[in-house]
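Here's the structure, in structure tokens; my notes come after.
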Amino acid sequence: MKRNFLMGAAALASLATLSACGGNKAEQAPAATETAAAAAPAAAPEPAAGAKVEFASFTTDVAAGEKVFALCRSCHVLDEGVNRVGPSLYNVVGRASGSVAGFSYSDANKSSGVTWSEDVLFEYLKDPKGFMPGTKMTFPGIKDDQDRANLVAYLASTKK
Ligand code: HEC
């Protein structure tokens with residue numbers, strides 16, 4: 001009986017040691033959480049301040065967009081197979097980049113792997129060289145979001 005009691009006491013003592021360890025872990029936990037919280041904003045893909053403007057959030061005006069297309073006409077036409085300084089923009093919405101036959105693209109454009117969806121065009125046309133470093137399209141971009149959205153809507157409307 002006495003031995004059993006001693007063994008019991010030893011067991012209790014080791015339990016106390018275990019819970020003491022648990023206590024230490026509990027004390028460390030908040031510090032670990034704070035570290036994770038501090039790391040979170042840096043890991044987030046987009047800080048709130050740089051929130052992206054989406055093409056879909058605009059009400060577009062196709063007629064106004066046709067006027068904006070004047071900025072492109074010096075280098076592009078919408079006729080199929082007619083390349084000028086830039087490739088034909090016939091059916092450009094939904095087209096794979098670098099896919100117009102007979103146009104000599106830069107490597108950047110040819111191998112970008114981009115599909116010219118409305119969303120992608122909306123982003124690209126804001127800052128072509130920023131979006132596609134190495135492109136030989138020397139066009140500074142259209143910074144006004146509404147003008148750009150109208151232009152993209154116009155391009156989409158020309159799709160046959
Ligand atoms: C100064 C001439 C110039 C102007 C102005 C210009 N572009 Fe371009 N664009 C080019 C050239 C050159 C390329 C080919 C780029 C390359 O190969 O790197 C191109 C490529 C493109 C492409 C990629 C086509 C493909 O087949 O992958 C799109 C889309 C485009 N332009 C749209 C426009 C739009 C819309 C405008 C008007 C807002 C415009 N560009 C204004 C010269 C121009």
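Read the figures in this text as sums done on the coordinates, not as results from a lab. All values derive from a computational prediction rather than experimental measurement. Note that we place each Cβ from the backbone using ideal geometry, even for glycine, and neighbour counts take in every protein chain shown.
Look at the alpha carbon pairs under 8 Å that are at least 6 residues apart: their mean separation over the length of region 57-157 gives a relative contact order of 34 percent. Ranked by the mean number of other Cβ atoms within 10 Å of their residues, highest first, the peptides 99-111, 58-70 come out as 58-70, 99-111. For region 70-160, the square roots of the Cα gyration tensor eigenvalues, ordered a ≥ b ≥ c, give a/c below 1.5, which places it in the rounded category.
If you take every residue apart from ASN150 with its C-beta less than 13 Å away from the C-beta of ASN150, what net charge results, scoring Lys and Arg +1 and Asp and Glu -1? Neighbour charge sum, excluding ASN150 itself: -4. Placing a pseudo-label 7 Å from each Cα along the Cα-to-Cβ vector at ALA101 and ARG84 gives an inter-label distance of 2.3 nm. Each other residue within a Cβ distance under 13 Å of CYS75 adds +1 if Lys or Arg and -1 if Asp or Glu, for a net charge of +3.
Pairs from the table (LYS52/LYS159; LYS52/LYS160; LYS67/LYS159; LYS129/LYS159; LYS67/LYS160; LYS52/LYS129) lying more than 23 angstrom apart at Cα are LYS52/LYS159; LYS52/LYS160; LYS129/LYS159.
Between amide H atoms placed 1.01 Å from N, distances below 5 Å from ARG84 occur with VAL77, all of them 5 or more places distant or on a separate chain.
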